[in-house]
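What follows is a short report on a single structure.
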Amino acid sequence: MSLIGGIRPPIAVLSVLLLALAGVTALTLGRVGQEAVPKAVKSSQQHFAEDGAIALRASIDESVTDLTRTADLFNASDPVPADAVLDKIGSVYQKWMGTAVVEIRSGKLMAARGENVPLAAIDRSKLSDDHGLDPRMVRLENGETRLLAFSVLAWKGQPQQLLVASSSLRFPGISLGNYRSIAVVGDDGKVLSTDGIPEPEQVSTDEERAEVKASNERLKGFAETAAKKSRSHPLLSKEPGSGGYLGVSGHLIGERHLGERSVAGYASLAAPEAGESTVATRLGLSVVAMVPVAEDPKRSTSSAFGLLAAGALLLIGGLTVFFLLHTVQRPLIRLFLESRRLTRGDLNRPVSVPKFGEAARIGAALERLRRQLTGEPAAKAKPTGRRKLGVRTLVAVAGVLLLVWAGPLLLLLNRAGDSVQVPQQMVNDQRERTDTLSDRVRRALNEGHADLTSVASLIGAKTEGDEMDKVLDSTLNQHSRYRSLYVIDKTGDVLAEAGGDPRGAGDKPSDQPVRVVDEDGKEPVIIGTAEVPGRQGAAVVGEFRIEFLNSMLKRPGLGEVRVVDKDRKIIGGNTGYREFQGLPSDRLDGLVEGTGQKVGGKPRPSGVLYRTGDDIQIAAAAPFAGGGAAEKLGWSVVSWQPASALAIPEYTLQNRTVLAGMLGVTAAAGCLGWLHIIVVRPLRKLAEQAEALADGDRKTVLYPVHHDEVGAVTRSLELIRQQLPSSAQRKRDGATAGLAGRN
């Protein structure tokens, strides 16, 4: 018999699949709602930590790049005093807590600004080694950690000087909301900086001090665990095919305390491209975000439904398999045995004819053929086959039995409906993450304008065109945010350029630091402008790549994200959109408009849960706030996603119920379809051939299609056909018998 053919394999596979599906149904449907904290909340904290890691990595890399590029620009010009270098840096960038210039050979401090830079921690003798100028972390006497970045100032004929900038490991523009804390963790598991947890001296009661202490202890425990997990390879720390964040990330659950559980997300700093590393990623830092989540004991569901569904499947599946065994498999095997008996010459006993369908027709034909083999004329044989129910109908009945179980799961049971309880934490996280994203976009544009200002101040009034080209090329190569850079005079003529064609050429320099130009509705052209001092109205212009803006918006767990201007027209997004078109719904438009209203001096982000029947949507909007050149644009970031996309217990139960129904339909369709192709169709054809043979057709040769029970019966019928006398032979035998009677 064939391994994949015959009547037994499809029914056996169907039995195994139904047993496996019953086990999966009992386990998956029974576990929904048993978790102390919904998976959606835990995943949201993981995404929050990833946002923090991205912001911290971008801030560190940007700071180092800006310091290096600024030093290169100074080195390309005439020598200037150390005080002038620091004054120029301080006027353009406000990101460093302290800066200093030190003569490398003697160690003499040439100039300093801001807080004292820990110069004693710098070994000047190793600056020329490989990675000698890489940033490093230094712990101060007060326990705080500073990140030191270095660059070299070198002019011909003068001693080399070391430009040092120190910054704190705090998060730029991370919106924490209420009760959330976030920390930077070293590779040894020690907390290097925290935000969100007040200092003990900032609280007034003993109870609050105890809570602060407990929060610090929980955060410390999460930090140690996160540091251990962050040492693993990113590919080994995720489920296969999960994709997402390029670094190591995950979530942690703490112990229950006063009806709440601390949920933490962690993420290691990762490069924006897979397989690469940056200055920040080589520091071995991780980010941990922690928030207390209230538990709702009423949300826990019973596992009874999963057990009932599995029991029902076992009952219906067992009935279906029993039905197929007794109405399809056993009659066919009986035919196989009866046909073999006839071919061996055992003709004394009548053929046992099945009761239903094609098996009955074939059995009746075999009985007629048995009589013909015993010498009974073919014309005298009468068919006894029954044609009431065919095997195709029997298989269809089996399919209907399985649909009785799968259909309700697929279409009716465990529908989420309009009473789904969306955790308030999800709405809060949507708002805070959108606000963080808004701040990140604003800071990126501010950084871009600061770069242009730095370039403009270093070009000055005496720089020639060739030298300007070199400066622009260097800036363009160090920053991926620009499509093109160019210098124009007060009439709009281009004096120097780098990158793509200057789309803003011909226009006079704008007095707006950052603006948007609609280029015939094709795509928004974001232009930054910085005046060149001493050149009578000349300016450095940078055109931002829209892809750079959109790349910052691609964050998992936020749904669809759009950047809109003050008129609520779309500038960029993380998915497909049409430039300068409105938002897809009036309620989103109203949300952005309402969020843009100033409350207490500045607009504030907002999040909302919309319910329209079964359509439940989480949305948030955050306007640009925080200062800088980009704030004057009046832009906002808005995000929205359906609640059904979140791992909320009601939706998880619905999705798993539908999946169980789909698996049941797939198992039934696959196995019964297999049975129909391998057995039913050949059996129907064989029934016609057997009846034709019994009716006297001795010329048609019977060929087996498959090496299975149907094929075996076909071979037996062919052997019987060869044993039966042909019509000519019967005539000759009749004539011979007549002559013998006369004689």
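The values are calculated or read from the model by the stated rules, or taken from the named source; none is laboratory data. Please read all numbers here as calculations on a predicted model, not as lab measurements. All Cβ positions, even for glycine, are placed from backbone atoms using ideal geometry, and neighbour counts span all protein chains on display. Quick note on the areas: whole protein, heavy atoms, side chains included, nothing else; ligands and nucleic acids left out. Shrake-Rupley method; radii C 1.70, N 1.55, O 1.52, S 1.80 Å.
If the Cβ limit is 7 Å and pairs must be 6+ apart or interchain, which residue in segment 145-159 that is under 12 Å from ILE60 (Cα atoms) and without any contact (Cβ under 8 Å) to a residue 40 or more places away in the chain pairs with which residue that is open to solvent by 10 Å² or more (accessible area, probe 1.4 Å) and β-branched (Val, Ile, Thr)?
LEU148/VAL138
Does SER44 satisfy being within 27 Å of the chain's Cα centre (by Cα), closer than 22 Å to LEU133 by Cβ and either at pLDDT 90 or above or open to solvent by 20 Å² or more (accessible area, probe 1.4 Å) (or both)? Working first, answer last.
Numbers: within 27 Å of the chain's Cα centre (by Cα): yes; closer than 22 Å to LEU133 by Cβ: no; either at pLDDT 90 or above or open to solvent by 20 Å² or more (accessible area, probe 1.4 Å) (or both): yes.
Here the answer is no, as SER44 does not meet what is asked.
Out of all the residues in segment 633-652, which are under 23 Å from the mean Cα position of the chain (by Cα), buried (at least 16 other Cβ atoms within 10 Å of the Cβ) and either under 22 Å from ASN550 (Cβ atoms) or free of Cβ contacts under 8 Å to residues at least 60 places away in the same chain (or both)?
Within segment 633-652, VAL637, VAL638, SER639, TRP640, GLN641 qualify.
Could you grab me the full set of residues in segment 150-173 that are aliphatic (A, V, I, L, M) and open to solvent by 30 Å² or more (accessible area, probe 1.4 Å)? Reasoning before the result, please.
Step one: list which residues in segment 150-173 are aliphatic (A, V, I, L, M), which gives 152-154, 162-165, 169.
Correct list: VAL152, ALA154.
Residues to consider are LEU558, LEU549; find the one that is open to solvent by less than 30 Å² (accessible area, probe 1.4 Å), in contact (Cβ under 8 Å) with a residue 60 or more places away in the chain and part of a loop (DSSP other than H, G, I, E, B).
LEU558
Counting only residues that are part of a helix (DSSP H, G or I) and acidic (Asp, Glu), which one in segment 666-697 is farthest from THR393 (Cα to Cα)?
Here is the first cut: in segment 666-697, the ones part of a helix (DSSP H, G or I) are 666-694.
So of that shortlist, the ones also acidic (Asp, Glu) come out as 688, 691.
Values: GLU688: 17, GLU691: 20 Å.
Ranking the candidates gives GLU691 first.
Going residue by residue through segment 321-341, is there one that turns out to be farther than 19 Å from CYS671 by Cβ and free of Cβ contacts under 8 Å to residues at least 24 places away in the same chain?
yes
Mind telling me which of the residues LEU663, LEU609 ends up being touching a residue at least 24 places away in the same chain (Cβ under 8 Å) and either small (Gly, Ala, Ser) or assigned to a helix (DSSP H, G or I) (or both)? Lay out the reasoning, then the answer.
Numbers: LEU609 fails: either small (Gly, Ala, Ser) or assigned to a helix (DSSP H, G or I) (or both).
Answer to the selection: LEU663.
Which ones in segment 707-725 are open to solvent by less than 60 Å² (accessible area, probe 1.4 Å), part of a loop (DSSP other than H, G, I, E, B) and under 19 Å from ILE333 (Cβ atoms)?
Hit for segment 707-725 is ASP708, nothing else.
Taking segment 240-281 only, how many residues are out of contact with any strand residue (DSSP E or B) (no Cβ under 9 Å at 6 or more places or on another chain), within 22 Å of SER551 (Cβ to Cβ) and open to solvent by 30 Å² or more (accessible area, probe 1.4 Å)?
The total comes to 10.
One line per residue, one yes/no per condition, for (1) among the polar types (S, T, N, Q); (2) open to solvent by less than 60 Å² (accessible area, probe 1.4 Å); (3) at pLDDT below 90; (4) in a strand (DSSP E or B):
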residue: LYS508; (1), (2), (3), (4): no, no, yes, no
residue: VAL517; (1), (2), (3), (4): no, yes, yes, yes
residue: GLN536; (1), (2), (3), (4): yes, no, yes, no
residue: VAL541; (1), (2), (3), (4): no, yes, no, yes
residue: GLU579; (1), (2), (3), (4): no, yes, yes, no
residue: PRO584; (1), (2), (3), (4): no, no, no, no
residue: ARG587; (1), (2), (3), (4): no, no, no, no
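Quick one: which residue in VAL184, VAL212 is farther than 23 Å from ALA55 by Cβ, of a type in the set (A, V, I, L, M) and surrounded by 12 or more Cβ atoms within 10 Å (Cβ to Cβ)?
After ruling out the rest, the residue left standing is VAL212.
Could you look through segment 121-137, keep only residues that are more than 15 Å from SER106 (Cβ to Cβ) and open to solvent by 90 Å² or more (accessible area, probe 1.4 Å), and pick out the one that is nearest to the chain's Cα centre (by Cα)?
Within segment 121-137, the match that is nearest to the chain's Cα centre (by Cα) is HIS131.
Would you mind telling me which numbered condition in (1) of a type outside the set (Asp, Glu); (2) at pLDDT below 90; (3) surrounded by fewer than 20 Cβ atoms within 10 Å (Cβ to Cβ) VAL64 fails?
If we test VAL64 against (1) of a type outside the set (Asp, Glu); (2) at pLDDT below 90; (3) surrounded by fewer than 20 Cβ atoms within 10 Å (Cβ to Cβ), just (3) comes out false.
Could you pull out the residue among ALA668, ALA630 that is within 35 Å of the chain's Cα centre (by Cα), farther than 30 Å from LEU324 by Cα and open to solvent by less than 30 Å² (accessible area, probe 1.4 Å)?
Being within 35 Å of the chain's Cα centre (by Cα), farther than 30 Å from LEU324 by Cα and open to solvent by less than 30 Å² (accessible area, probe 1.4 Å) holds for just one of ALA668, ALA630, which is ALA630.
Within segment 589-606, can you find the residues that are part of a loop (DSSP other than H, G, I, E, B) and more than 27 Å from the chain's Cα centre (by Cα)? Full working, then the answer.
Residues of segment 589-606 that are part of a loop (DSSP other than H, G, I, E, B), as a first pass: 596-597, 600-601, 604-605.
Selection gives GLY596, GLN597, GLY600, GLY601, ARG604.
For the condition hydroxyl-bearing (Ser, Thr, Tyr), open to solvent by less than 30 Å² (accessible area, probe 1.4 Å) and part of a loop (DSSP other than H, G, I, E, B), what is the one hit in THR475, THR463, THR491?
Of THR475, THR463, THR491, the one residue that is hydroxyl-bearing (Ser, Thr, Tyr), open to solvent by less than 30 Å² (accessible area, probe 1.4 Å) and part of a loop (DSSP other than H, G, I, E, B) is THR463.
Pairs please, first residue from segment 421-436 and free of Cβ contacts under 8 Å to residues at least 40 places away in the same chain, second anywhere and part of a helix (DSSP H, G or I) and of a type in the set (Ser, Thr, Tyr), Cβ atoms under 8 Å, 6+ apart in sequence or on different chains.
Partner pairs satisfying both residue conditions: none exist.
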